[in-house]
Amino acid sequence: MNEIPKDQMDRRAFLKWLAATGGGLVLAQFLAGCSPTATQTLPPLSPSSTSTLIPPATPTPVNGLLASLQGLELDPFLDEAYRLWMLRDPEAITLNGLSGFFSVRNDQLTDLSDAFIRQTQAMQAGVLELLEAFDESTFSPGQDLNARLYRWFLQDQQTGYKFMYSDYLVFPFVNSLLWTMNYLFTEVQPLDDEHDLADTLSRLDQVYKKMEQVVEGLNRRKENGVVLPAIIMPDAINDIQQYTRTGIAHPYYSALSSRIGSSPDLTNDQKDSWRSQVSDAIKASVSDGFQLVLDFFLKTSPIAPQEIGLLRFPQGEEYYEFLLHHYTSTDLSADEIHQIGLDNVERIKDEIRTEFSKLGYPASDSINSLVNKLGNDDGFISGKPAEDYIRQTMDDAASMLDRVFDFSLTQEIGVIGGTEGNYLSPAPRDGSRPPTFYALTDYPQAKFRLKSIIYHEAIPGHGYQDDITSQLKLPLHRFVFDYHAFLEGWALYAERLMWEMGVYDDDLAGNIGRLDMELLRAVRCVLDTGIHAKGWTFEQSRQFMLDSRGVPDEYEIRRYIMWPGQAPSYYVGYKKIMDLRQKASDALGSKFQLKDFHHVILGSSQIPLTIMEELVDSYIAHN
């Protein structure tokens, strides 16, 4: 995906992460899943003008926060526990389109103070204690799975509490606080009427206070030895600087002004008034708030470490072990994941050379030379032809679904071309936006990789995944949470599935693109663990990327530095699905049906890999 602008790389992955975590309330990203056995349905959404409660200056005692949970049966207990948690992250409520469901306004920013975060941790610990007191023998099968998933979520949180100041928080990548807030204000924040304007101005006015909390958190991280590596620091400073601007130069203003200008319900005078109020709020709070963050980075830059991995942290090895467990939902060690990557890098490289030989390309040429030649020979695509190609590829994939799936596709995925591209933006819970594939059309990109990207992001990958989840009758806490290894593993599996269904029979170049994308995910296992568990340098990592894929791809390496532990989730999840499919096929023989297997995987929606394996074992036993 070298053609994708670096500030948009894996944006869809971040959106899914954001939905899973409820924003930036706590350090680590903790997830839960779902199952076809659930019987609860999502309550209907309805508009509300009731504002969320602003956390009091003196935090409420934890027992007070848990009072509404006392004496509840399991189903309402889990719903109420989730509601209490989400109400503490108002930004996540807006991002997930849940303000109507929770009867809150979109007017508060999430509290990032140390006291508030620790209170949330204590509250979640209390929820876990109450959950474990239930008599499991009284649970139905669906309730048992609900309880197990929520317990997994809470236990994962508790394990991560000790690392609450071990992440970077502010850095130039899509899962950074900078990107989160930019996405909130420029794309998600409602701005249709006077109430929405008031909510927007309220949030803009709170930015300065939030940035004070951010700087406090950054100082705590600094005391813990957590400082962004020197190789990342210049980009971080440049990223922050754009938010210190005022007037039309500020990213928030330009986006909000454009949205105001496109409103058909406002007069020109109203538009001018709204723009003026937004500009004043940015000048009074936002620009100065981000200046506080910029000052911190400017002062810290001279002491930024040359080392790029987590081993330099006081708890670095233990922290990375936690991250691998969290993102892969397995107990695989860094060494095991590293070896999985190495083994598959060599295998895939051999397969790529075999495909190149079918095209008559010189066997003695380097991977870099072969890939560059293929790009030129197969061609580049941009503009409307790229948008049309993406639409047609999605339509073709959708027409093949009934061959291997028994779920229908119920939502049409839109395609929007522009400077940002090759990611899926899922529909929010309130249906205010349709699922959309944002296509990179303003810049030429190599055509031979594009099919695989579409299958991964849209159909039968994430777009189809999301569509099926929307059809299942799930309690809200299971509708929203995600698991990276499950989601990304399925999307990578979807790329291979389309190859198995014959879409590349007459497209050798496209199949090389598919293999190259699989190779990237195997390389991620090697580099992520190499950097954070084996002390690899940036140059070592760059050389391995160059030797493996024929491109140095330094931005990918920066991604692994800034977002440790997440990159291996793709291949770990993919490999688990493939292994389980083979296990089921071997055990069932002629009784094995691919549709049934896919129903077990996707019909359970989003779950940890360990629980997914249990469901497949149950499917085998019952057949």
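Convex hull volume of the Cα atoms of the range 167-309, normalised per residue: 96 Å³. The shape of the range 502-571 comes out prolate: with a ≥ b ≥ c from the C-alpha gyration tensor, a/c is at least 1.5 and a/b beats b/c.
Distance between the C-alpha centres of the range 328-361 and the range 155-196: 33 Å, rounded to the whole angstrom. Within straight-line reach of LYS358, meaning a Cα separation under 24 Å, sit the following lysines at least 8 residues removed in sequence or on another chain: LYS349, LYS373, LYS447, LYS451. When each of SER103, SER366, SER452 is scored by the number of other beta-carbon atoms lying within 10 Å, the sequence from fewest to most is SER366, SER103, SER452. Charge tally for THR244 (other residues, Cβ to Cβ under 10 Å; Lys, Arg +1; Asp, Glu -1): -1. Each of GLU518, GLU317, GLU194 was scored by other Cβ atoms within 10 Å of its Cβ. Arranged with the fewest first, they read GLU194, GLU317, GLU518.
In the chain, helices alone account for a calculated mean residue ellipticity at 222 nm of -18000 deg cm²/dmol, with every DSSP H run of four or more residues adding -39,500 (n - 2.57). Other residues whose C-beta falls under 13 angstrom from the C-beta of PHE356 contribute a net charge of -3, scoring Lys and Arg +1 and Asp and Glu -1. Residues whose amide H lies under 5 Å from that of TYR423, counting only those 5 or more places away or on a different chain, are TYR438; hydrogens are built 1.01 Å from N in the peptide plane. For the range 454-579, the share of alpha carbon pairs falling in successive 5 Å distance bins from zero is 2, 10, 17, 19, 18, 15, 10, 6, 2, 0 percent. Coupling constants for the range 573-578 follow from the phi torsions by the Karplus curve (6.51 cos²θ - 1.76 cosθ + 1.60, θ = phi - 60°), and in residue order they are x, 4, 4, 5, 4, 5 Hz; glycine and proline get x.
The amide H of ASP482, built 1.01 Å from its N in the peptide plane, has ALA20, ALA32 as neighbours under 5 Å, considering only residues 5 or more places off or on other chains.
State whether the range 470-527 is rounded, prolate or oblate according to the following rule on the C-alpha gyration tensor (a ≥ b ≥ c being the square roots of its eigenvalues): a/c under 1.5 gives rounded; otherwise a/b larger than b/c gives prolate, and the remaining case gives oblate. Cα axes put the range 470-527 in the oblate bin. Straight-line reach from LYS209: taking Cα to Cα under 24 Å and skipping same-chain neighbours fewer than 8 places apart, the lysines in range are LYS222, LYS283, LYS299.
As a rough footprinting exposure proxy, the listed residues ARG403, ARG203 were ranked by other beta carbons within 10 Å of their own, and the order from fewest upward is ARG403, ARG203. Annotation: amide H of VAL415 within the under-5 Å range of PHE437, sequence separation 5 or more or interchain, hydrogens built in the peptide plane.
Counting DSSP beta bridges in the chain, what percent are antiparallel, to the nearest 5?
Numbers: 5 of 10 bridges.
Roughly 50 percent of the beta bridges in the chain run antiparallel, per DSSP.
Every number in this text was worked out from the coordinates using simple rules, so none of it is lab data. The structure displayed is predicted, hence computed values, not measured ones. In this analysis, Cβ positions are derived from the backbone assuming ideal geometry, glycine residues included, and neighbour counts consider all displayed protein chains.
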